Structures are given as C-alpha cells and as structure tokens.
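Here the structure is laid out as structure tokens; the discussion comes afterwards.
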Amino acid sequence: MNKRNQRLFLLISFLFWFSHFIYIPMLSPYIEQIGGTYTFIGIVLASYGLMQFLFRLPIGIGSDLWNKRKGFVVAGMAVSMFSCLAFALTESLGWVLLSRSLAGIAAATWVAFTILFSSYAAERNLHRAMGHLSFAVVFAQLLGMALSAWIVEEWGWHAPYWFGAAFGAAGLLLSLFVAEGKTETKREPVRLKELGTALKEPMLLKVSMLSILAHSIMFTTMFGFTTDYALSAGMRAGDITILVFAFMVPHAVSTLLSGSWFVPKLGKWGTLQIAFSAAAIFTLLMPFADTKAALIVLQLVNGFALGLLFPLFLGMAVEEIPHAKRATAMGAYQALYAIGMFAGPFLAGILNTYFGLEASFYFSGAVGVLGALFSFKWQGKMKTESIFKHNNESSL
C-alpha cells in the first residue's frame, strides 16, 4: 500500500512542479512583450516569494492543527492549475500579477506535501524516500524549464501556460486518490513563543540570512532576468533550452557533491565561501558576455556554485537546534528565506528600469560578495560561540 502511495505521490509532485516551471524561462520576456516595464516584471517575480513568505507558515500550522494533509495537497494542485489557466486565458498585466501570486500560494502548500509523503515511508527508509521526492522535484524543474522556450517557438507565448494547466489538472485529478497516510500522534501546533525562541538561535539566524542572499541571486538571475538578457544579447528562444540545461544540470550535480565531497574537504564554511565567491564573480561577468558560448560557461559555473549552497543550508539551519524544536526551526527558516525570493527580483526590477538589464547582474553579484563576506566573518564568530557553548556544557 505504501509503495503504491509513494509512486502516485511522486507523480503528483512531478506534475505540481512541472506546471510551475514550464513557463519560468519565458515569463520575463512574455511580460515585457505585453508591455510590462522591468519594475513591473520585478514585482511579478517578487509576488511568488512574497506569497510563500505570507502563507507557508500558516499552512504548516494549520496542517498540524487539523492533523490533515491531503486537503492541502488537493488545494495546492487546484490553485496551481488555476494560476496557469489565468495566465493562458488573459493578456492583462493585472492578471499576470494575480496569476503569479496564485502560483506562490500554491507553492506554499508544499509544506503539507512533504509531511504527507514522509508518512508513507518507514522511519528507516525516510531519507531514501525524501531523496526520491527531491529527484522528482528537480527533474520536473529541469524538464519544464528545458521545454519552455521550444513550446513558445512552436505554439506561441500562451502555450506553456496551457501545458501547465493541463498538467495541473492531471495532478489535481490524481490528488483526489491520495491516501491521507498513517494516523499521526496529535501534536501541538507551532506556538509564537516557540518561533521566537527558535529565531534567537545564532546559527539559524545566520544561515537564514545567507539563504536569503542565495535565493535572491537565484530568483533574480536564472529564475528571473537571465533569459531576458540572453534574448537581448541575440540568442533565439530555442537557445534558452541550452541555457537552462547549462544551469540546471550542474546545479543538480553539485547538490549531491555538496555534502559528500566539498564539506568533508573544505568544511561547511569553506564550502559557503567558495560557492558565494564563485557565484559573485561569474554573475558580475554576465554583462560582459556577448556570445552564446560565454553565457553558457557562466551558467555552468553559477548553477554549480548555487547548487552547493542549498543542501548545506538545510543541515546548518537546524544542527544547533534540539530535536524537539527542529520542525519549528525549519518552518521559520523556510519562511525567512522566501524574503530573498521576493526582495531580490523586486529591487532588481527597479534597478533595471533605470540602468538597464545589466543592473540585475551587478546587483546579484554584489549580493554574492555580501554572502562571501558574511561567510568569512561568521566562521570565526560561530567557532567562538561553539567553544563558549561547549565550555558551559562542560561546567554543568
């Protein structure tokens, strides 16, 4: 029964994220094509992260309070489908903003997705099962983004949204057959006092800040203005597929290498320093890339560098937190890093309006430099705090 549930859920998860990412590379060019300014594009891109910041924690709390997950999964698929439909059926800037905001609300339900899927796996197989879920997500993102430009070339600007709506509808139908999962022990929902305690943890705060910076880079560049810049530099819509692969394949590979090779060799802070430094340098070089080959090389390095960061953040965010409070800390961390998902594109959109598309890469490069500087500064500070903590524990 659990194997069947897992396979069905993996398919639904694939459909969920495929419907979100099938239009991402062509979203900024589409908004520009229907008359949106760079500032407005930034607002639309920012709305996705803002909705997650506002809704992710309440959805997690509500899911715990009612001890039910399936309803949130069905709702998430429904909102995802309607988001794509609204894109497909309209050509108004107002509806574009609303549609992308709905996608952000749908993405916020992913909290319930992960909790329900984990309930299908035995404790001893949990990490393996979550690895399968992560692969389904990355595969959906890669395939959706890779097909986006080709679909636009073949069938026009609205076609990716129709595909997204169709895949979303299939996911919605299948989600009706999802099992609620094994009965869980009734847990107290997250309390504001517990959130406040978690947010006082030095490591969680620092890692959340670094994650905000990393998400700002990602959602300003590859999930934001990179395709706009590539098209303005002379690449065809079909070439965007190559650009997507150049970023996403190294990105996926480096997520596997981050904990298995880089951290053992360089340490956690050393890995952060290298990754942020590489992302900063190769993002700052983007405005000077005037050939397809140069853009592809820069995407290869940027994809790899950013891929090193995110798995590392997940572990570091909760490693100093007692096990009983780790779920609360993770919820706080996920809500906080969404700030980067909306602040980065929003600020970059304003800068692009006044200084041109190159401004978003200078801005993102500066954010990467800031991440590297914080990583160097906090490495020594956290060592001092860890020693202090160790000494306190030894004296008890």
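At-a-glance table
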| item | result |
| --- | --- |
| Of all residues making up the range 254-270, the number that are within 16 Å of the chain's Cα centre (by Cα) and either β-branched (V, I, T) or farther than 21 Å from S211 by Cα (or both) | 1 |
| Flag for V263 being free of Cβ contacts under 8 Å to residues at least 60 places away in the same chain and crowded, with 18+ Cβ neighbours inside 10 Å | yes |
| Residue satisfying condition, being at pLDDT 95 or above, open to solvent by less than 30 Å² (accessible area, probe 1.4 Å), aliphatic (A, V, I, L, M) and more than 29 Å from A198 (Cα to Cα), within set A275, A280, A289, A305 | A280 |
| Breaking point among (1) open to solvent by less than 50 Å² (accessible area, probe 1.4 Å); (2) at pLDDT 90 or above; (3) over 18 Å from F223 (Cβ atoms), for I296 | (3) |
| Matching option when the condition is surrounded by fewer than 23 Cβ atoms within 10 Å (Cβ to Cβ), of a type in the set (S, T, Y) and either out of contact with any strand residue (DSSP E or B) (no Cβ under 9 Å at 6 or more places or on another chain) or modelled with pLDDT of 95 or more (or both), among Y362, Y337 | Y362 |
| Spans of helices (runs of 4 or more DSSP H) in the range 156-260 with at least 2 residues closer than 25 Å to S277 by Cβ, at pLDDT 85 or above and open to solvent by 50 Å² or more (accessible area, probe 1.4 Å) | 202-220, 240-257 |
| Matching residues in the range 46-77 - criterion: being at pLDDT 95 or above, over 26 Å from Q33 (Cβ atoms) and open to solvent by less than 20 Å² (accessible area, probe 1.4 Å) | G76, M77 |
| Boolean, L256 is aliphatic (A, V, I, L, M) and free of Cβ contacts under 8 Å to residues at least 12 places away in the same chain | yes |
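The values are calculated or read from the model by the stated rules, or taken from the named source; none is laboratory data. Predicted model, so just to flag it, every value in this text is computed and none were measured. Cβ atoms come from the backbone with ideal geometry, glycine included; neighbour counts cover every protein chain shown. Remember, those area values only see protein heavy atoms, side chains included, never the ligands or the DNA or RNA. Shrake-Rupley method; radii C 1.70, N 1.55, O 1.52, S 1.80 Å.
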